[in-house]
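Trainee: Just dropping this structure here.
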Amino acid sequence: MPADPRLQHALERLAFSPVLLVCMDFDGTMAPLTDRAEDARALPAAGAALAGLNDLPQTRTALVSGRALASLRNVAGPDERTLLVASHGAETWLGPDARPLELDEQQRGLLTVVTETISRVVEEHPGTGLERKPAGVVLHTRRAAPDVAGTATVAALRALEAIDGVHVMRGKMVVEASVVTASKGDGLATLRDVTGATGVLFAGDDVTDETAFTALTPGDVGVKVGDGRTCADYRVPDPEDVADLLGEVLRLRREALEMPLLDRDGLGPSMDE
Ligand SMILES: [Mg+2]
């Protein structure tokens, strides 16, 4: 049960939503942060709770991540019922009929330019790394010395500023340049549409998750993981708390579904207190 009684109360109400969508960021939320991106794994309790939610009727789950789709699949090993929003919304997997991402000619040209730009920054800053994504490129500075990480970040931001049409995002020890304008908030809105969700839970730890928090509507629940400024209404310290929270959501949702007349007909508990 969350330490914050306000959060517990919000979850109790959310559990009665006719169609519940549980969306989770992955790194730093479902999974503790790791030095090597490929080593990240969801905490077992968090993964089990998400799978349990997938077993329930009128209940959907999704991962909303900055990772490329292939990378997210690799580390998350998601249940096939869990929908995926990757590359901050530029790539999605919304079921077997989903269309893969396709760049137009201009976007492909821009991707070449930003890849060369970030490659030069990486060459000049030992310990930094480059990650290619289908719609962008990422500078990783987590494994560089702190002063090198700082100068690499500034160099990348300056160089990218000079390129028209590129969408730049900063996260924890990363600078990401995307040739597709997308955000986790857009991704969350898409998920809400395709699932017909009437209530959404979203948790995330990074600055890029803020667009998703702002895409929440009254009755939804947004949970910031860890420190840092946020527009989420609630906060928990770390991924262990997220696992506990998901376990609690699963318990509450089961309970709500067992109750007769779940407010499909407006007869359940009021949602607007
Ligand atoms: Mg994260």
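The values are calculated or read from the model by the stated rules, or taken from the named source; none is laboratory data. Bear in mind that the values here come from a model prediction, so they are computed numbers and not experimental data. Note that we place each Cβ from the backbone using ideal geometry, even for glycine, and neighbour counts take in every protein chain shown. The area values use the complete protein model at the heavy-atom level, side chains included, leaving out ligands, DNA and RNA. Shrake-Rupley method; radii C 1.70, N 1.55, O 1.52, S 1.80 Å.
Trainee: Hey, could you check the range 1-31 for residues that are more than 14 Å from the chain's Cα centre (by Cα) and either more than 12 Å from Leu252 (Cα to Cα) or within 16 Å of the ligand (Cβ to nearest atom) (or both) and say which is most open to solvent (accessible area, probe 1.4 Å)?
Mentor: Going through the qualifying residues, I end up with Arg6.
Trainee: A further question on this structure: For the range 177-241, which fully contained strands (runs of 3 or more DSSP E) count at least 1 residues that are within 14 Å of the ligand (Cβ to nearest atom), open to solvent by 10 Å² or more (accessible area, probe 1.4 Å) and closer than 18 Å to Asp27 by Cβ?
Mentor: So the answer is 234-236.
Trainee: Grab the strands (runs of 3 or more DSSP E) fully contained in the range 57-128, keeping just those with 3 or more residues being aliphatic (A, V, I, L, M).
Mentor: Ranges flagged: 59-64, 83-86.
Trainee: Considering the range 37-54 alone, what residues qualify as being free of Cβ contacts under 8 Å to residues at least 40 places away in the same chain and either open to solvent by less than 20 Å² (accessible area, probe 1.4 Å) or out of contact with any helix residue (DSSP H, G or I) (no Cβ under 9 Å at 6 or more places or on another chain) (or both)?
Mentor: Scanning the range 37-54 gives Ala40, Ala51, Asn54.
Trainee: Just for the range 149-166: of the residues that are touching a residue at least 24 places away in the same chain (Cβ under 8 Å) and open to solvent by 40 Å² or more (accessible area, probe 1.4 Å), which one is nearest to the ligand (Cβ to nearest atom)?
Mentor: Selected residue: Thr151.
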